[in-house]
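*Asks:* Dumping the structure here so I can ask a few things about it.
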Amino acid sequence: MSTIGGRLRRLRREVADFPHDLRLGVRTRAITSEYVDRAAQSNPCDPVPYRTLGAIARHMTAHGTAAPRFADLGSGLGRPLYFFADRFEELLGYELAAPIHASASAQLARVQGQRAHYRRISTHCADASTAVPLDRPLVVFLYNPFGPKPLARLCARLREANNEVHIYYANPVLMNLMAAELGQPSEVFRCDFEVAYFHLRG
Ligand SMILES: C[S@@+](CC[C@H](N)C(=O)[O-])C[C@H]1O[C@@H](n2cnc3c(N)ncnc32)[C@H](O)[C@@H]1O
């Protein structure tokens, strides 16, 4: 159960994030926590703060990150996909919860006619830990979507990638596991949450 302090923090975040949704022409606020899938170790759908996405965008610019593909693993209503749509050739969202995926797909279909770069986005109802394709250089984004088993499964796949992979892991509550699987992050920076950046050279 959330505390009053926790609810106030969430409300403040929603107020700060609302103008960004307006600018992007989408609704990506928190929708529910009722779709938590304990067996799949999935976490509820709170969108990442836009400020954190802004810090990641600045990090990509500073490092000249030029991968053609972006994947949000546990994509919810698609906030990072819309935010980064003008930076990548192809943006993939993977969402396990069918009702959340249905809402995300319905919104995407509505807005794709309005902004050309939103046509680069596709969303998939699938387990992100096994579904993300690795045949092109890739930026992977995770906002703490799942528990240790799916994360270990994902890391095992990423380790085998023949292409470069940049990983931004926001609010990295399973950092020790990630570091044990992939090695220490190249950098950790902070904006609302810690963001761990891993660079796999393929
Ligand atoms: C914390 S939310 C983040 C949403 C989005 N990335 C954002 O920042 O707006 C995590 C999402 O991951 C989804 N999820 C959990 N486990 C998953 C899995 N194995 N594959 C795909 N999606 C998953 C949850 O249903 C939830 O919608």
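*Asks:* Let me understand the chain better: what is its radius of gyration from the alpha carbons, and its Dmax, in angstrom?
*Replies:* Final numbers for Rg and Dmax: 15.9, 47 Å.
*Asks:* Taking the Cα centre of the stretch 46-156 as origin, sum charge times position over the Cβ atoms of Lys and Arg (+1) and Asp and Glu (-1), and report the length of that vector in debye to the nearest 20.
*Replies:* Result for the stretch 46-156 is approximately 200 debye, rounded to the nearest 20.
*Asks:* Continuing with the same structure: With charges only on Cβ, +1 for K and R and -1 for D and E, what is the dipole size of the chain about its Cα centre, in debye, rounded to 20?
*Replies:* 460 debye
*Asks:* Output the relative contact order of the stretch 4-200, whole-number percent, from Cα pairs under 8 angstrom with separation of 6+ residues.
*Replies:* With pairs under 8 Å counted, the relative contact order is 19 percent.
*Asks:* While we're here: Can you tell me how much longer the chain between K149 and A126 gets when fully stretched, taken as 0.36 nm per residue apart minus their C-alpha distance, in nm with one decimal?
*Replies:* 6.7 nm
*Asks:* Residue separation times 0.36 nm, minus the C-alpha to C-alpha distance between A66 and C191: what's the value?
*Replies:* 42.8 nm
*Asks:* Going by the alpha-carbon gyration tensor, a ≥ b ≥ c the square roots of its eigenvalues, is the stretch 55-168 rounded (a/c under 1.5) or, if a/c is not under 1.5, prolate (a/b greater than b/c) versus oblate?
*Replies:* Oblate, because a/c is 1.5 or more while a/b does not exceed b/c.
*Asks:* Can you work out the FRET efficiency for the pair A57 and R110, with r the C-beta to C-beta distance and R0 = 22 Å, to the nearest 0.05?
*Replies:* FRET efficiency, A57 to R110: 0.35.
*Asks:* Rounded if a/c is under 1.5, else prolate if a/b is larger than b/c, else oblate: which is the stretch 71-118, with a ≥ b ≥ c the root eigenvalues of its Cα gyration tensor?
*Replies:* Note, shape of the stretch 71-118 comes out oblate.
*Asks:* Set Lys and Arg Cβ to +1 and Asp and Glu Cβ to -1, take the dipole of the chain about its Cα centre, and tell me which of H124, F18, L200 lies farthest positive.
*Replies:* Of H124, F18, L200, it is F18.
Bear in mind these aren't lab numbers, they're just calculated from the coordinates by the rules spelled out. Not measured: the values here are computed from a predicted model. Here the Cβ is made from the backbone with ideal geometry for all residues, glycine too, and neighbour counts use every protein chain on show.
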